[in-house]
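Right, one structure below, let's go through it.
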Amino acid sequence: MNRLGRGGPALVAALAVGAAALAGSGPAAAAARPGQPGVAGGPQPGAAGVISTVAGGVGGPGLATRVALQQPCGLAFGGSHVYIGTQNAVREVKPASDWLTTPAGTGVPGESSGGGRAVKAALNDACGVGVDESGNLVIADAGNERVQVVAASTGSFYGKAMTAGNIYSVAGNGKRGFSGDGGPATSAKLSLPQSVVVDGAGNLVIADTRNERVRVVAASTGTFYGQAMTAGDIYTVAGTGIRAFTGDGGPATRADLYYPEGVAVDGAGNLLIADTRNQRIRVVAGSTGTFYGQAMTAGDIYTVAGGGHRGDGGPATRADLFDPEGVAVDGAGNLLIADTYDHLVRVAAANTGTFYGQAMTAGDIYTVAGDGTPGFSGDSGPATSAELSLPQSVAVDGAGNLLIADGYRVRVVAASTGTFYGQAMTAGDIYTVAGGGTAGFSGDGSPATRAELDGPDGVTVDGAGNLLIADTGSNLVRAVAASTGTFYGKAMTAGHIYAVAGDGTAGFSGNGGRATSTELDGPDGVTVDGAGNLVITDTRNERVRVVAASTGTFYGKAMTAGHIYTVAGTGGQGFSGDSGPATHADLSYPVGVAVDGADNLLIADSGNNRVRVVAASTGTFYGQAMTAGDIYTVAGDGTPGFSGDSGPATSAELDGPSGVAVDGDGNLVIADLGNQRVRVVAASTGTFYGQAMTAGDIYTVAGDGTPGFSGDGGPATSAELDGPSGVAVDGAGNLLIADALNDRVRVVAASTGSFYGQAMTAGDIYTVAGDGDRGFSGDAGPATHAELNLPGGVAVDGAGNLLIADTGNDRIREVTG
């Protein structure tokens, strides 16, 4: 994450946050949600300052085709289950029922190296998966430079005492590099281990990709791959560490590989390698004999597919492959290849016969899935007519069906006609069996904590206590129902999540139509006005839009309940339109939004370095005469920078303001992101936040302008902030700040007392959530001991609980107030 200085929207975009909106004043925050934290109706913990997740997670359990997958990149079949390696979790599908669960990983990147529950473990680029003869799940945790095992039962495996369901490191010390051959595997250095498989002797075979090697962890003491090995130690069995192509016909340990990504072992004990950047599939012979049409010597290496310039129907060794990443062997001994950048799955036939609906000749290569065009199409039709998108891994299930990790889906080419994964299938046709085709979106209509979010930036609470989420990456606004009833035109169940605006497609459409049928593009901020209308900053569409709660006239427009309307912005990026109709004005990257006590709409017009107001009625607001429906600048002169404190707000310089809120005194609070400050425009002359203020002037109330972290327990204006992206004000008047790059939420106390479980002094600043380490941890414990990941927005509900858009963790979290 770059820490940029001045830069308005570039800084907001670089933070991947921006969000926020929200408000601790006004009707949007007035209602409590029963039974918080947790989804509505859940138990109330006994102490303030406890953190929990209330929406978002890894997704599931649920029907596999209705749960999003984080780019499935590894597949394995074992124990009648399919295991899917994804970026930060391993998913499991039961073919008989098409039911998906998550045996390992939380869905957010991090590191867990041993002994704890696998479902709570943080994984990082967990693509490679395998299953050993004891049913243990083996994971190539590439980003953590380890191979890990989830124990299927309690016992001793890989030289370690293990407890069922817990995760343990069995290779790699977590440091990137190359070391350790001939010694304990857990002391060795690996470098991006992308794939792992278990051979017939129980040894772990690892594609140590950036070390340009394939390595083995011996399961027992003996001779394997031509080497004497000791149980628990690690050995190189292919590759020299030099990135090149050499060595065919000679010892595998003297051959050069180039970014080997996939490994497999066939029924004869031969080791298969997807030698990705060499555009080949290579074999290390397990014994001396004839394999894949070639005479081979034990321990030597041979190319069996790729390296040529020809296509289908000829010898596999003359075929042209394009960065093949995955390799497997089916029950007939055929070699299956994920020909990744050709967007194909291909087969090198082991024998002459009919396979996957095609007549094949031994040693020749054939396409069995994909038409070579990147994309998604073809479900329920012939697999060779379907579009695939960068297939990374292949496997074969117990029925002989071909499994493909395809984009955001797992797809199956049926080996025979029958019912598999809960679907009727025809031999040779292709079907999706897991994944909805999108990243990070699932769970509508189900409990919110089982749903997946994608970079949520904004959060607020409406008058009925429903939690509203700007699910930014999913291009949706979603609601978590506080009670069972009808909200935003939908029948909802308490604690469940529903899309209330957007159809999930990035774009612009739908003005005047149903909100759930419209296209949004990166919605960043949400709030609710006094009439209960949902207000959305449709950020990349350069608009502010409203979903009407009831039929009537709002913002100068006739609206129908449940329909969506633009109330500010033309869709063009720029600055224009002050003192005229808001729908004729240009905005630039509007991110935060709030509503004041007069129902005026406040917009953090980030790229224009201004805060602007759409007047709800004709009158004088923020020291200006305004006409209903027109737009006005109330802070910022449009120049990115810092100036103007203690003077008129419209003459001051702001730098990428990202969040706005209105406090109980009507003062305008601004997250002045690029200036590393929170600033206030006084609504009236008086003393606020410990300072004497004049109506219409602007003042810094938190941050000294230096990016960093300091100052807790002291005056807020002397503290360092880093990327303050969202602001809110709670019922006690305390100022809440999403201090994004510090991975914390902080509070400026309005009065001396105890808040969020801490004793506070008026005007001083305190951390109330986050320990400063970026990651995901801490649920059910003190919020200040938890890890956050780029928190983008904050809000407060009617019960005084703090809600956090934990953007990088794809979750909404709550701290009991």
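The values are calculated or read from the model by the stated rules, or taken from the named source; none is laboratory data. Computed from a prediction, not measured in an experiment: that's the story for all the values here. Please note: Cβ atoms are built from the backbone with ideal geometry, for glycine as well, and neighbour counts cover all protein chains shown. When the accessible area is computed, the model is the full protein with side chains, heavy atoms only, and any ligands, DNA or RNA have been set aside. Shrake-Rupley method; radii C 1.70, N 1.55, O 1.52, S 1.80 Å.
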Give a residue-ordered list of calculated ³J(HN,Hα) values for segment 665-671 (Karplus: 6.51 cos²θ - 1.76 cosθ + 1.60, θ = phi - 60°; whole Hz; x for Gly, Pro).
-> 8, x, 6, 8, 10, 10, 7
Averaged over all viewing directions, the convex hull of the alpha carbons in segment 539-625 casts a projected area in nm² of 5.5
From a point 7 Å beyond the Cα of residue 754 in the direction of its Cβ, which residues of segment 705-736 have a backbone N at a distance under 17 Å?
-> 732
Quick one: which residues, 5+ away or cross-chain, put their amide H under 5 Å from the amide H of residue 489? H built at 1.01 Å from N.
-> none
How big is the gap, in Å, between the Cα center of segment 250-328 and the Cα center of segment 343-360?
-> 17
For residue 524, list long-range residues whose amide hydrogen, built 1.01 Å from N in the peptide plane, is under 5 Å from its own amide hydrogen.
-> 537, 539
10 °C / 1.306 mPa s Stokes-Einstein diffusion coefficient of segment 328-478, Kirkwood radius on C-alpha pairs, µm²/s = 93
Sketch the reach of a paramagnetic label on residue 310 as a point 7 Å from Cα along Cα-to-Cβ, and name the residues of segment 268-294 whose backbone nitrogen lies under 18 Å away.
-> 280-281, 292-294
Sorted by accessible area (1.4 Å probe), largest first, how do 813, 610 line up?
-> 610, 813
Would you calculate the volume per residue, in Å³, of the smallest convex hull containing every Cα atom of segment 465-520?
-> 68
Work out, step by step, the length gained on full extension between residue 80 and residue 352: first 0.36 nm times the residue separation, then minus their alpha carbon distance; give nm to one decimal.
-> 95.0 nm
Averaged per residue, what accessible area in Å² does segment 429-478 show with a 1.4 Å probe, protein chains only?
-> 19
Where the convex hull is taken over the Cα atoms of segment 246-293, what is its projected area averaged over directions, in nm²?
-> 3.4
Expressed as a whole number of Å, what is the distance separating the alpha-carbon centroids of segment 479-537 and segment 569-615?
-> 21
Could you do me a favour and compute the accessible area per residue for segment 111-165, 1.4 Å probe, result in Å²?
-> 36
Hydrodynamic radius of segment 81-179 per Kirkwood, over alpha carbon pairs, in Å | 13.2
Kirkwood Rh for segment 110-242 from C-alpha pairs, in Å, is 14.2
If you take the beta carbon distance between residue 341 and residue 491 as r and set R0 to 45 Å, what does 1/(1 + (r/R0)^6) give as a FRET efficiency, to the nearest 0.05?
-> 0.45
With a Förster distance of 25 angstrom and the Cβ-Cβ distance between residue 598 and residue 694, calculated FRET efficiency to the nearest 0.05 equals 0.80
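Counting pairs of Cα atoms in segment 176-258, how many percent are more than 19 Å apart? Present the calculation step by step, with values, prior to reporting the outcome.
Numbers: 1094 of 3403 pairs.
Everything past 19 Å amounts to 32 percent.
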For segment 683-773, report the convex hull volume of the alpha-carbon atoms normalised per residue, in Å³, without decimals.
-> 92
Taking H as built 1.01 Å from N, whose amide H comes closer than 5 Å to the amide H of residue 610, not counting residues under 5 places away?
-> 605
J(HN,Hα) series, segment 331-344, from Karplus relation 6.51 cos²θ - 1.76 cosθ + 1.60, nearest Hz, glycine and proline x | x, 8, x, 5, 8, 9, 10, 7, 7, 4, 7, 8, 6, 9
Give a residue-ordered list of calculated ³J(HN,Hα) values for segment 300-311 (Karplus: 6.51 cos²θ - 1.76 cosθ + 1.60, θ = phi - 60°; whole Hz; x for Gly, Pro).
-> 8, 10, 8, 7, 10, 7, x, x, x, 9, 10, x
Dimensionless Rg ratio for the chain, taking C-alpha atoms and the 2.2 N^0.38 Å reference = 1.03
Return the carbon/sulfur percentage of the accessible area of the chain, one whole number, probe 1.4 Å, all protein chains in place.
-> 49
Contact order normalised by residue count of segment 511-638, Cα under 8 Å, 6+ apart, percent = 19
Rg(Cα) / (2.2 N^0.38 Å) computed for segment 354-410, rounded to two decimals | 1.15
Distance (nanometres) between label positions extended 7 Å along Cα→Cβ at residue 444 and residue 294 | 5.1
Report the label-to-label distance for residue 426 and residue 359 in nanometres (one decimal), using points 7 Å from each Cα along the Cα→Cβ vector.
-> 2.2
The Cα radius of gyration of segment 156-221, divided by 2.2 N^0.38 Å with N its residue count, comes to 1.09
log₁₀ of I(q)/I(0) at q = 0.15, 0.18 Å⁻¹ - segment 465-620, Debye sum with one point per alpha carbon = -0.71, -1.03
Inter-probe distance in nm under a simple model that places probes 7 Å from Cα toward Cβ, at residue 584 and residue 322 = 5.2
Rounded to whole angstrom, the alpha-carbon centroid of segment 156-194 lies from that of segment 625-672 at a distance of 55
Computed Kirkwood radius, in angstrom, where 1/r is averaged over Cα pairs of segment 662-817 = 15.1
